[in-house]
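Beneath this line is the structure, given in C-alpha cells, with notes to follow.
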Amino acid sequence: MNNQLKPLGLFFFATEKENEPVREWLKTLSKTDKKIIGEDIKTVQYGWPLGMPLVRSLDQGLWEVRTKLRGSREARVIFFMAEDTMVLANGFIKKTPKTPKAELDLAKSRKKVFESRK
C-alpha cells in the first residue's frame, strides 16, 4: 500500500555548466523508449517506496529504475533521494548482466557533488 500522500518531486542532476546528463541522454532515445522510461519513473514517483522488479537498491543511497524496452533491451536510470525528491543522476542502456562499475561510480560522484551544494 502506498503511504505517500503526494508524489515525489523530480529533479535532473545538473553539472557545474548546467548540463543535465539524464535529460540529454533521454533526448537521444526514440520517442517510444522515452515514453516507456518516463512511465516507469512516474510509477516510482507516485508509488514510492517500491522494490523489485521496477526499483533496485544499489549502494550508498543509490537506486535504479529498471526499464524493459522493446527488443530485449533494458534501460537504467540511477537516482538518489533528497528529502521527498528523486534526483536523476545517470541513465544508460544496459548491455551487461551487472550494472557497470563506471556507471555506478558516475552516479556516486554526482550524488556527492549534489550533496556538497546544499
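Values quoted throughout were computed directly from the atomic coordinates according to the rules given, and no laboratory measurement underlies them. Quick caveat, the model's predicted, so the values are computed rather than measured. Quick reminder, even Gly has a Cβ in these numbers, built from the backbone with ideal geometry, and neighbours come from all protein chains shown.
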### Task
Could you list Phe13, Phe114 in order of exposure, starting from the residue whose Cβ has the fewest other Cβ atoms within 10 Å?
Phe114, Phe13
### Summary
From fewest to most C-beta neighbours within 10 Å, the residues Thr32, Thr96, Thr85 line up as Thr96, Thr32, Thr85
### Task
Show the residues, 5+ positions off or on another chain, whose built amide H is closer than 5 Å to the amide H of Asn90.
Ile78
#### Entry: DSSP-loop GluC sites (Glu not before Pro) across the range 3-101, with at most 11 other Cβ within 10 angstrom
Glu16, Glu18, Glu83
## Note on the structure
Cβ-Cβ cut-off under 12 Å around Lys95, Lys and Arg +1, Asp and Glu -1: the net charge is +2
### Inter-probe distance in nm under a simple model that places probes 7 Å from Cα toward Cβ, at Lys118 and Ala82
1.0 nm
### Query
Rounded if a/c is under 1.5, else prolate if a/b beats b/c, else oblate: with a ≥ b ≥ c from the C-alpha gyration tensor eigenvalues square-rooted, which is the chain?
rounded
### Summary
Plugging the Cβ-Cβ distance of Lys101 and Leu5 into 1/(1 + (r/R0)^6) at R0 = 25 Å yields, to the nearest 0.05, a FRET efficiency of 0.10
### Query
How large is the charge dipole for the range 9-116, taken about the Cα centre, if only the Cβ atoms of Lys, Arg (+1) and Asp, Glu (-1) carry charge, to the nearest 20 debye?
600 debye
### Query
Whole-Hz Karplus ³J(HN,Hα) for the range 74-83, in order, using 6.51 cos²θ - 1.76 cosθ + 1.60 and θ = phi - 60°, x for Gly and Pro?
10, 10, 10, 10, 8, 9, 9, 9, 10, 6
### Query
Can you list the trypsin sites (Lys or Arg not before Pro) in the range 44-111 that are in a DSSP coil and have 15 or fewer other beta carbons within 10 angstrom?
Arg73, Lys95, Lys98
### Query
Given a cut-off of under 8 Å on Cα pairs at least six residues apart, what relative contact order in percent is computed for the chain?
25 percent
#### Entry: Extension gain (nm, one decimal) between Thr15 and Thr43, 0.36 nm per residue minus Cα-Cα
7.5 nm
### Listed pairs Lys17/Lys112; Lys6/Lys118; Lys6/Lys112; Lys68/Lys98; Lys31/Lys95; Lys42/Lys68 exceeding 18 Å between Cα atoms
Lys6/Lys118; Lys6/Lys112; Lys31/Lys95
